[in-house]
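Rule-based calculations on the coordinates, nothing more; no lab input. The structure displayed is predicted, hence computed values, not measured ones. Backbone-built Cβ (ideal geometry, glycine too); neighbour counts: all protein chains shown.
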Amino acid sequence: MTATTTASGLVVVAKPDGLTSHDVVARLRRILRTRKVGHAGTLDPMATGVLVCGVGRGTKLLGHLALDTKAYTATIRLGAVTTTDDAEGEVVSTADASGVGEDAVLAGMAALTGAIEQVPSSVSAIKVDGKRAYAMVRAGEQVVLAARPVTVSDFTLLARRDGDGHVDLDVRVECTSGTYVRALARDLGAGLGVGGHLTALRRTRVGPFTLEHARTLEQLEADPGLSLPLDEAVSVAFARRDVDAALATDLSHGRPLPPADLPGTYGVFGPDGAVIALVSEREGLARPVVVLAPA
């Protein structure tokens, strides 16, 4: 894809440290020379890694992508509590973590693995009475968020580095959407009695999209293009159904199709291999969720 094309699909960006997700979208709009760019799932400015962006008709996929599981590598520092549960906040208390043994760390991580109730970080984007929690905190308001059920399927210690009164833990996390890794850092430190916060976070996978799909903004500047054109993006992210020309025409006009007994939202492709729509089956018919190639 050249810098002037309006081709549709997904761009998987390896987000750098220091940019917001909105900053990445603004850069992509300049690189690809189109206003029609959006992103699925937000990464904090200090976080790096996989950020899925839609371009053109690919923006219509963003609200339907099954990005329900995510994977990260992260560094947790034991021995200090911050206002934001990460390194961007102010330190509010410290403790000597040098005496925390590895067995205690592993036991603490095990207690935070599986189906758990997690209180999100107070500076999250969760809305309270219509206002973002982080905005309320910055305005000096006291915010207490309710615990919510999440699942941490993997919380593994990769390495440990002991410093002057603190301990840095490199970890791997796989979890459901809505899990806050910095809250895991906070709760691990609290459970060990020394406090903890997140100092580095890299998202390595979101749904089916991994760092292997991702390119840096510098690579995109040098060679603008899609990571996955629309047809390929739907094939990667959704179950696939192929139909004949008559059914393809019906669907392109927004008409429902006979069911195929496929669960959830899936992609329907015409005889030429091009995607026509996302559909889901309800009330005995396969009904269009979003038509990507209207008649």
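Which of the lysines could a cross-linker span from residue 60 if the Cα-Cα distance has to be under 23 Å and same-chain partners fewer than 8 positions apart are dropped?
In chain and number order, the partners are 15, 36, 70.
Please give me the summed charge of the neighbours of residue 100: other residues whose Cβ is under 15 Å from its Cβ, Lys and Arg +1, Asp and Glu -1. Before the final figure, lay out each step's value.
Details: positive: 77, 160, 161; negative: 96, 102, 103, 162, 164, 168, 187.
Here the charged neighbours net out to -4.
Tell me which GluC sites (Glu not before Pro) from the range 54-112 have a DSSP coil assignment and no more than 13 other beta carbons within 10 Å of their own.
90
So what's the range 69-203 giving for Cα Rg divided by 2.2 N^0.38 Å, two decimals?
Numbers: Rg = 14.4 Å, N = 135, 2.2 N^0.38 = 14.2 Å.
My calculation over the Cα atoms of the range 69-203 gives 1.01.
On alpha-carbon atoms, Rg over Rh for the chain using Kirkwood Rh?
1.04
Using Cβ counts within 10 Å as a stand-in for footprinting exposure, how do 46, 109 rank, fewest first?
The order, fewest Cβ neighbours first, is 46, 109.
Where does helix 21-32 land angle-wise versus the long Cα axis of the chain, in degrees 0 to 90, nearest 10?
40 degrees
Which loop GluC sites (Glu not before Pro) in the range 210-273, with loop taken from DSSP, have no more than 16 other Cβ atoms within 10 angstrom of their Cβ?
212
In nm, what is the difference between 0.36 nm times the number of residues separating residue 255 and residue 127 and their Cα-Cα distance?
Working it through step by step, the gained length comes to 42.4 nm.
Please compute the length gained on full extension between residue 282 and residue 241, using 0.36 nm multiplied by the number of residues separating them and subtracting their Cα-Cα distance.
Working: separation 41, 0.36 × 41 = 14.76 nm, distance 1.61 nm.
So the chain would gain 13.2 nm between residue 282 and residue 241.
From Cα pairs below 8 angstrom and at least 6 apart in sequence, can you work out the relative contact order of the range 194-295, rounded to a whole percent?
21 percent
Positive end of the charge dipole of the range 69-203 (Lys, Arg +1 and Asp, Glu -1 on Cβ, about the Cα centre): tell me which of 199, 118, 79 has its Cα farthest that way.
My answer, from the dipole projection, is 118.
Check residue 36: other-chain or 5+ apart residues with amide H under 5 Å from its amide H, H built from backbone geometry?
The answer is 56.
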